[in-house]
Amino acid sequence: MSHLIKSISSCVLLATLCACVGGLTPSYAPQHTELEIVKEIREKQKGDSSLDPDIQVNLESSSHISVQDYLKSFGQTSAGNREYTVGGNDVLSIMVYEEKDLSRDSVTVATDGSITFPLLGRVQVGGMTPAQIEERIAYALTSQGYLVSPHVSVSVKEFRSKNVVVLGAVKNPGRYNLQSQETLLDILSRAGGVDFSSGGSRTTIMRNEPVNNSQTQRLAITLNIKRLFSGEDQFGNLLLQNEDVIFIPMAEKVYIMGEVMKPGEYVIEDRDATVIESIGMAGGFTRIAAPNRTTIIRMENGRERILTVPVDDITQKGLRSSDITLRDKDIVIVPESYF
């Protein structure tokens, strides 16, 4: 009994809300079965949109900038000219030509950026490229009188000092060690690729960008990942930096239910889809639909708002201005005709 009273109360409340909207036709109060479906959809939407609170805070506190504006403001060295710089926990291979006793296959860089090398003791290599480390070791061996014109070769055997985090609509989200000159597409490939069936086209790279010797600026660099994959975007494949966070949010979707041919969930990303267009996506009305009582249930400021859209009036009388552009997570209900 209490459940029935609660359901009736919900219908009355929704009817009251509808009356406040002031549509062109009498508003529609969703029925009990529809309310139950709406509840299930909202629960699913909560799960789809769940986001780590830390990431949410980072997104809100970052300065948002397009990839084009980022390149104008900060520039970017091309991948072919940018070398990897060594850091703590990287593993190096150091070979001194014809000096087997001095060569080392695996040398781990300490957290302070130093290594221990035969004859030389501790050598600072943090922040240096492999070529610069070669020069430093060769110079030290020569200046200290151990060798004449030594030939030193340094390579990074294991990349461990730099990492990025990939979150959202990828097949294998997580933390990845950054290897040499890796780009956004490189990391997304290692993460198993983007799941476009659930993810949207918008991608954000959160990055700490130095502005002077002592300060950094937290940026949220935005780009269209679909345009990048298709080759339309020639600039979005940024070189990644240590501690970058790549976030691909779920696609913007609406749910269309009731008297349409193909009820279900539909992606509205990259388009300003209106109610009438969404009905088309769902295959159109059934023969028992009541188009003029088509209703949107929309979340605004944590509360549901009810909007009635007189579809017949819009299409038959040319009232295009009364059509409503849908938003992410809108639920469109097409009720059954009374007759």
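The values are calculated or read from the model by the stated rules, or taken from the named source; none is laboratory data. Note that this is a predicted model, so its numbers are computed, not measured. Positions of Cβ are backbone-derived with ideal geometry, glycine not excepted, and every protein chain shown enters the neighbour counts.
Which of the residues spanning segment 170-180 are farther than 15 Å from G87 by Cβ and either without any contact (Cβ under 8 Å) to a residue 12 or more places away in the chain or surrounded by fewer than 20 Cβ atoms within 10 Å (Cβ to Cβ) (or both)?
First pass over segment 170-180, keeping only residues farther than 15 Å from G87 by Cβ: 170-176.
Within segment 170-180, K171, N172, P173, G174, R175 qualify.
Can you tell me which residue within segment 206-245, out of those that are assigned to a strand (DSSP E or B) and among the aliphatic types (A, V, I, L, M), is surrounded by the fewest Cβ atoms within 10 Å (Cβ to Cβ)?
Checked segment 206-245; the qualifying residue surrounded by the fewest Cβ atoms within 10 Å (Cβ to Cβ) is L239.
Here are some conditions: (1) over 15 Å from Y97 (Cα atoms); (2) more than 46 Å from the chain's Cα centre (by Cα); (3) modelled with pLDDT of 95 or more. G145 meets all but one. Which one does it not meet?
Answer for G145: the failing condition is (3).
Looking at segment 283-325 only, could you name the residues that are part of a helix (DSSP H, G or I) and not hydroxyl-bearing (S, T, Y)?
Initial filter on segment 283-325 (part of a helix (DSSP H, G or I)): 291-293, 311-317, 320-322.
Once the filter is applied, which keeps residues that are part of a helix (DSSP H, G or I) and not hydroxyl-bearing (S, T, Y), segment 283-325 yields P291, N292, R293, V311, D312, D313, I314, Q316, K317, R320.
If we scan segment 133-144, do we find a residue that is closer than 30 Å to E232 by Cα and buried (at least 18 other Cβ atoms within 10 Å of the Cβ)?
no
Are any of the residues in segment 91-98 in a loop (DSSP other than H, G, I, E, B) and surrounded by 15 or more Cβ atoms within 10 Å (Cβ to Cβ)? Steps first, please.
Here is the first cut: in segment 91-98, the ones in a loop (DSSP other than H, G, I, E, B) are 97-98.
Next, from what is left, pick out any that are surrounded by 15 or more Cβ atoms within 10 Å (Cβ to Cβ): none.
Looking for residues that are in a loop (DSSP other than H, G, I, E, B) and surrounded by 15 or more Cβ atoms within 10 Å (Cβ to Cβ), one finds none in segment 91-98, hence no.
If Y266 satisfies all but one of (1) of a type outside the set (K, R); (2) touching a residue at least 24 places away in the same chain (Cβ under 8 Å); (3) closer than 15 Å to D328 by Cα, what's the number of the condition it fails?
Of (1) of a type outside the set (K, R); (2) touching a residue at least 24 places away in the same chain (Cβ under 8 Å); (3) closer than 15 Å to D328 by Cα, only one is false for Y266: (2).
Confirm whether C20 is modelled with pLDDT under 90 and surrounded by 11 or more Cβ atoms within 10 Å (Cβ to Cβ). So that I can check it myself, show each step before the final result.
Details: modelled with pLDDT under 90: yes; surrounded by 11 or more Cβ atoms within 10 Å (Cβ to Cβ): no.
No: the conditions fail for C20.
Go through (1) without any contact (Cβ under 8 Å) to a residue 60 or more places away in the chain; (2) farther than 26 Å from G75 by Cα; (3) within 23 Å of the chain's Cα centre (by Cα) one by one and return the number of the condition R207 breaks.
(2)
Looking only at segment 144-192, count every residue that is on the phi > 0 side of the Ramachandran plot and either touching a strand residue (DSSP E or B) at 6+ places or on another chain (Cβ under 7 Å) or in a strand (DSSP E or B) (or both) and tell me the total.
Initially, segment 144-192 is screened for residues on the phi > 0 side of the Ramachandran plot, giving 145, 149, 168, 174, 180, 192.
Of the ones still in play, those that are also either touching a strand residue (DSSP E or B) at 6+ places or on another chain (Cβ under 7 Å) or in a strand (DSSP E or B) (or both) are 168, 174, 192.
Matching residues across segment 144-192 total 3.
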